[in-house]
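Structure record follows, encoded as structure tokens.
Taken together, the values in this text are just the output of simple stated rules run on the coordinates, not laboratory data. These numbers were taken from a predicted model, which means no experiment stands behind them. All Cβ positions, glycine included, derive from the backbone under ideal geometry; neighbour counts span all protein chains shown.
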Amino acid sequence: MPRTPPEKKTAAHKTQPAPAAPRLARVPPPPRVAFPKKNQPPTPAAFTARLPLALGRRFEAARTFLLKQKEVVEDVCFYGPSTGWALRYLVGGKPLCALLLHSDLPVAIVSLEAAASAAVDWQALSPVGQRAQKAAHGSPSQLWLDIPLAGTGAADFKMIVRAKLATMAT
């Protein structure tokens, strides 16, 4: 019996690698609260001490900017177990803003009434500030902005606070 040569394998006969198993969506862990215990208020220096050097400098620059403003007073305020302690800034007893650590990153929270919101030049802000405006919550009469102080957010924060201070004086 004559022998037949084996068939040559073509591209169609090559084995395909098995498709990769679908990755499960990784659920991010909940944000870490920097100072969660109500009976343990931190000092203002403790906020900066928890941050890497570059972020600590930005946080201190924001604090210094706020404390140089006329009639601005700093106090340490407990916002609850899910937020923890923050540095709150008041002007004549009215809230100006708060600085806190969210997942070990410095964040400023500013509430803007309609007049203060209209005084902010939103187009002049960096993409960080414009993203903060788009993600703002509240109502048109009272917006709440969460502004990261890393990167260009610190300059945006200063512009927003200046606009709010100008409307608070009138």
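Summary of values
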quantity: J(HN,Hα) series, segment 77-91, from Karplus relation 6.51 cos²θ - 1.76 cosθ + 1.60, nearest Hz, glycine and proline x; calculated: 10, 8, 9, x, x, 8, 10, x, 7, 9, 8, 10, 10, 10, 10
quantity: Environment charge of Phe65, counting only residues whose C-beta is closer than 11 Å and scoring Lys/Arg +1, Asp/Glu -1; calculated: +4
quantity: Cα-Cα separations in segment 40-169 greater than 21 Å, expressed as whole percent; calculated: 35 percent
quantity: Residues of type aspartates and glutamates that Lys94 reaches as a straight line, Cα spacing below 13 Å, ignoring anything fewer than 8 places off in the same chain; calculated: Glu71, Glu74, Asp75, Glu113
quantity: Förster radius 25 Å - calculated FRET efficiency between Leu67 and Ser126, Cβ distance, rounded to 0.05; calculated: 0.55
quantity: J(HN,Hα) series, segment 143-159, from Karplus relation 6.51 cos²θ - 1.76 cosθ + 1.60, nearest Hz, glycine and proline x; calculated: 8, 10, 10, 10, 10, x, 8, 7, x, 7, x, 5, 5, 4, 4, 4, 4
quantity: Per principal axis, descending, Cα span of segment 72-116 in whole Å; calculated: 31, 20, 16
quantity: Cys77/Ala166 FRET efficiency (R0 22 Å; Cβ-Cβ; nearest 0.05); calculated: 0.35
quantity: Residue exposure sequence - Arg58, Arg26 - by fewest surrounding Cβ within 10 Å; calculated: Arg26, Arg58
